[in-house]
Amino acid sequence: MEDFLPAIVVAMAVGFIMIKQIGKITQGLDAKGESTGTQLYATFAGVVQEKIRAIKKDIDTSKETLEPRYILKAGENEEKALEELSDMMRKLVFFETMGSKRDSRERIEGEMFAVLSELDSFVSQAIEDGEALADELREELFSVYETLQKEG
């Protein structure tokens with residue numbers, strides 16, 4: 001029995017070290033997967049912000065746009081519409097900051113979905129020919145998202 005005691009201690013030590021190393025490796029993989037996921041949302045948020053900037057530019061009568069694609073419906077309050085779009089952009093900035101990197105992927109996706117839904121509703125309801133433009137915007141953003149997902 002005394003001959004086996006050192007072998008058992010060594011085997012237990014090796015097993016303990018292996019468990020610790022496997023834990024470190026899987027933690028590293030999880031962290032890397034999360035960071036690429038948050039980077040995807042940060043990049044996508046930047047694309048959505050550019051789309052919102054284009055909409056704002058088109059509907060802002062203080063800025064000249066040769067051929068505006070997005071035209072505010074008659075009776076819509078321009079100042080209120082511009083403020084709504086600015087609020088959406090502020091929410092999207094969150095995805096590019098450190099704050100979003102601490103959130104779970106599910107929460108980030110939920111918040112991103114909320115902003116995209118808000119944008120879709122805005123375009124559909126406040127913009128002339130809004131349903132068609134919202135469909136185009138939705139398809140374009142989906143295509144960009146798929147491309148970013150494949151690249152990441």
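The values are calculated or read from the model by the stated rules, or taken from the named source; none is laboratory data. As the structure is a prediction and not an experimental result, all values here were calculated from the model. Note that we place each Cβ from the backbone using ideal geometry, even for glycine, and neighbour counts take in every protein chain shown. Please note that ligands, DNA and RNA were not included when accessible areas were found on the heavy atoms of the full protein model with its side chains. Shrake-Rupley method; radii C 1.70, N 1.55, O 1.52, S 1.80 Å.
Across region 80-95, what is the total count of residues that are open to solvent by 70 Å² or more (accessible area, probe 1.4 Å) and farther than 22 Å from residue 131 by Cα? Break it down stepwise before answering.
The initial filter retains those residues of region 80-95 that are open to solvent by 70 Å² or more (accessible area, probe 1.4 Å), namely 80, 83, 90-91.
With farther than 22 Å from residue 131 by Cα added as a condition, the list becomes 90-91.
Result for region 80-95: 2.
The residues on offer are 64, 76, and the sole one that is at pLDDT below 85, open to solvent by 80 Å² or more (accessible area, probe 1.4 Å), under 27 Å from residue 128 (Cβ atoms) and outside any helix (DSSP H, G or I) is 64.
Would you confirm, using the coordinates I've provided, whether residue 51 is open to solvent by less than 100 Å² (accessible area, probe 1.4 Å) and modelled with pLDDT of 80 or more?
Values: open to solvent by less than 100 Å² (accessible area, probe 1.4 Å): yes; modelled with pLDDT of 80 or more: yes.
Yes.
Remark: pairs (first residue in region 51-80, free of Cβ contacts under 8 Å to residues at least 24 places away in the same chain; second residue part of a helix (DSSP H, G or I) and hydrophobic (A, V, I, L, M, F, W, C); Cβ separation under 8 Å; 6+ apart in sequence or on different chains) = 60/82; 68/59; 78/59.
The set of residues from region 101-143 being more than 22 Å from residue 58 (Cα to Cα) and surrounded by 13 or more Cβ atoms within 10 Å (Cβ to Cβ) comprises 101, 103, 105, 108, 109, 111, 112.
Residues that are in contact with a Leu (Cβ under 9 Å, 6 or more places away or on another chain), in contact (Cβ under 8 Å) with a residue 24 or more places away in the chain and outside any helix (DSSP H, G or I) do not occur anywhere in region 83-102.
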